[in-house]
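Heads up: the structure comes next, in structure tokens.
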Amino acid sequence: MDETTRAQVAFPAGRQFTLTWSIPDDFGGMTSALLHRSRAFARLAGTPVSILTFDARPDYSTVEHDLRARGELTDGVQLVNIWDWFRSNPVPQDAPGKADTRKHGFSPLGTGARESTRRGDRELSRTRSSGSAVGQVDYYREDGTLLASDWRDAEGGRSVTLCDAHGQPLRSFGSVWGLYRFWLDLLTEGEQSFLTVDSKPVAAFIATYKRKNAVVLHVVHSSHLEEEDTEEARIKASRQPVFENLGAYDSVVLLTQRQKSDVQKLFGARDNLAVIGNGRILPDEERDDIPRPIGAGIMLASLQTRKRVDHAVRAIARAAAVHPEVTLDVYGDGPDRDRVAATITETDAPVRLRGHVPGARDLLGGASFLLLTSTSEGLPLVLVESMAVGCIPIAYDIPYGPADVIKDGTNGFLVRAGETEGVAKAIDTLIGMPPRKVAAMRKAARKTAQQFSDLAITRLWAAEFRAAAARHTASTKKPFWKLR
């Protein structure tokens, strides 16, 4: 942030870290949300943010370059990968721990390992596997010296040995989580720190990271419930490590009040549950002069089972039979592409699969309506983004998100989940509305989106950081933080 610019939001003093497992090439809503949130923190609170990743992809320098070129990373936000960090930073001599090769084992792989990853002509890792099971992964620095050896056995045992600049054992850990905790200790340096975790794999690990200087928050980006239509609410297996251990976090941030209420029904009232939606940069002014054919629909979704894009296709086919001007452009890709394409052919629906298009969200302002037909969500970013530019949302009433922002018939349409004919009827209703009523609905949608402005959301985060820090202080019985 420019030194002449004063922060608009006051955060508690402390370092800011965002933790996620990886940054995929064609990332979706969760990664988009954490990148945007990090940019907002740097811009509005003047707080640098380090985004930490734990996977071993070899091209993070290229990833960071591309993200900066696209504006996903800006000044004050940096991307830091655990393996690249250890390649570039020697472990301090006074860092705790030691190497116990008798207890943890240490037998580096030779050149005959089955798999190898490279960065250009530099070998960065070797892998030994037995069938589909990984037995050992050795990591290397760019100068060819051994960085670490990650050993695993058939019974689930695992140990990691970190090596010095000469490839000799320096520290060893009885689990990879031990290495992760060691890394976070080196990054935080005992300073007041806020660790906001977005991905499920990292959330399970971070519950074990207990430090007086570290406030831990976890953001839940999707529904915690199984999607089967049963009378008894059941927690997804992938969510059980978090929801069966809610007290391990100083704050668990949910995206909607409805989800918080459902969590409390299952686990009782918790003072560490918070509701903060995803923020957006909203248009400075309303624009009604954008060419917007009334029948032009848009959908931003990965082509996977949970998104039920085939439902949207069938709804469009039904609506287009009555209104020939109805069309749908779908932006996104995924494993269900062939199945969705087959549904388009079967129904002769006027639907175009555009594939993954960076910046597709910029096209929302030219569409009349947005379709959302998922089985479950958290609070879909695209809902707020579409409403912010007057694109009318037509969404299944699913857990969670649509019912929290859409007032049926006022700023969009809510449809009973799974009913494609209801989606078609909503499109028919929209097309049949007088222009003045359509304009009023678009205006109401834009007004709803205002509550998700970056400034409003960042202020909520500032308040929750303070509350989480207070809970953390109380749990450790020793104050460690203060306001800036």
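The values are calculated or read from the model by the stated rules, or taken from the named source; none is laboratory data. The structure displayed is predicted, hence computed values, not measured ones. Counting neighbours? That spans all protein chains shown, and the Cβs are built from the backbone with ideal geometry, glycine included.
Mind counting the residues in region 119-133 that are in a loop (DSSP other than H, G, I, E, B) and more than 15 Å from Arg87 (Cβ to Cβ)?
3
Test Ser368 against the criterion of being small (Gly, Ala, Ser) and either without any contact (Cβ under 8 Å) to a residue 40 or more places away in the chain or under 17 Å from Leu303 (Cβ atoms) (or both), and give yes or no. Even if it seems obvious, please write down each step before you answer.
Numbers: small (Gly, Ala, Ser): yes; either without any contact (Cβ under 8 Å) to a residue 40 or more places away in the chain or under 17 Å from Leu303 (Cβ atoms) (or both): no.
Against the criterion (small (Gly, Ala, Ser) and either without any contact (Cβ under 8 Å) to a residue 40 or more places away in the chain or under 17 Å from Leu303 (Cβ atoms) (or both)), Ser368 does not qualify.
Could you tell me whether Asp271 is under 22 Å from the mean Cα position of the chain (by Cα), touching a residue at least 60 places away in the same chain (Cβ under 8 Å) and over 22 Å from Thr31 (Cβ atoms)? Show your work before the answer.
Details: under 22 Å from the mean Cα position of the chain (by Cα): no; touching a residue at least 60 places away in the same chain (Cβ under 8 Å): yes; over 22 Å from Thr31 (Cβ atoms): yes.
Taking the combined requirement at face value, the residue does not satisfy it.
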Take Val313 and tell me if it is assigned by TED's automatic domain parsing to the domain that holds Ala388, assigned to a strand (DSSP E or B) and either buried (at least 22 other Cβ atoms within 10 Å of the Cβ) or hydroxyl-bearing (Ser, Thr, Tyr) (or both).
no
Residues located in region 348-373, provided they are touching a Phe, Trp or Tyr at 6+ places or on another chain (Cβ under 7 Å) and surrounded by 15 or more Cβ atoms within 10 Å (Cβ to Cβ):
Arg354, Ala360, Leu372, Thr373
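Restricting to region 1-19, name every residue that is within 21 Å of Ala69 (Cβ to Cβ) and in contact with a helix residue (DSSP H, G or I) (Cβ under 6 Å, 6 or more places away or on another chain).
Result: Thr18, single match.
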Of the residues that make up region 292-302, is at least one in contact with a strand residue (DSSP E or B) (Cβ under 6 Å, 6 or more places away or on another chain) and free of Cβ contacts under 8 Å to residues at least 40 places away in the same chain?
no
Please state which of the following conditions Ser116 fails to meet, knowing it meets all the rest: (1) modelled with pLDDT of 90 or more; (2) outside any loop (DSSP other than H, G, I, E, B).
(1)
Residues of region 143-165 satisfying the condition of being more than 24 Å from Trp177 (Cα to Cα) and not small (Gly, Ala, Ser):
Asp143
Does region 80-97 include one or more residues that are in a strand (DSSP E or B) and at pLDDT 95 or above?
yes
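Quick one: which residue in Ser32, Ser38, Ser50, Ser61 is in contact (Cβ under 8 Å) with a residue 60 or more places away in the chain, polar (S, T, N, Q), under 28 Å from Ser193 (Cβ atoms) and assigned to a helix (DSSP H, G or I)?
On the way: Ser38 fails: in contact (Cβ under 8 Å) with a residue 60 or more places away in the chain; Ser50 fails: assigned to a helix (DSSP H, G or I); Ser61 fails: in contact (Cβ under 8 Å) with a residue 60 or more places away in the chain.
The match here is Ser32.
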Consider Asp25 against the criteria (1) at pLDDT below 95; (2) surrounded by 15 or more Cβ atoms within 10 Å (Cβ to Cβ): it satisfies all of them except one. Which criterion is unmet?
(2)
Among the residues that make up region 122-130, is at least one of them at positive phi and within 29 Å of the chain's Cα centre (by Cα)?
no
Over region 407-421, the set of residues within 18 Å of His311 (Cβ to Cβ), surrounded by fewer than 24 Cβ atoms within 10 Å (Cβ to Cβ), in contact (Cβ under 8 Å) with a residue 24 or more places away in the chain and touching a helix residue (DSSP H, G or I) at 6+ places or on another chain (Cβ under 9 Å) is Gly418, Thr420, Glu421
Just need a number here: residues in region 374-398 that are in contact with a Lys or Arg (Cβ under 6 Å, 6 or more places away or on another chain) and polar (S, T, N, Q).
2
Of the criteria (1) in contact with an Asp or Glu (Cβ under 7 Å, 6 or more places away or on another chain); (2) within 30 Å of Met299 (Cβ to Cβ); (3) aromatic (Phe, Trp, Tyr), which one Phe27 fails
(1)
Look at Ser132 and say whether it is farther than 24 Å from Phe182 by Cβ and without any contact (Cβ under 8 Å) to a residue 60 or more places away in the chain.
yes
Condition broken by Asn81, with the remaining ones in (1) polar (S, T, N, Q); (2) surrounded by fewer than 16 Cβ atoms within 10 Å (Cβ to Cβ); (3) under 19 Å from the mean Cα position of the chain (by Cα) satisfied:
(2)
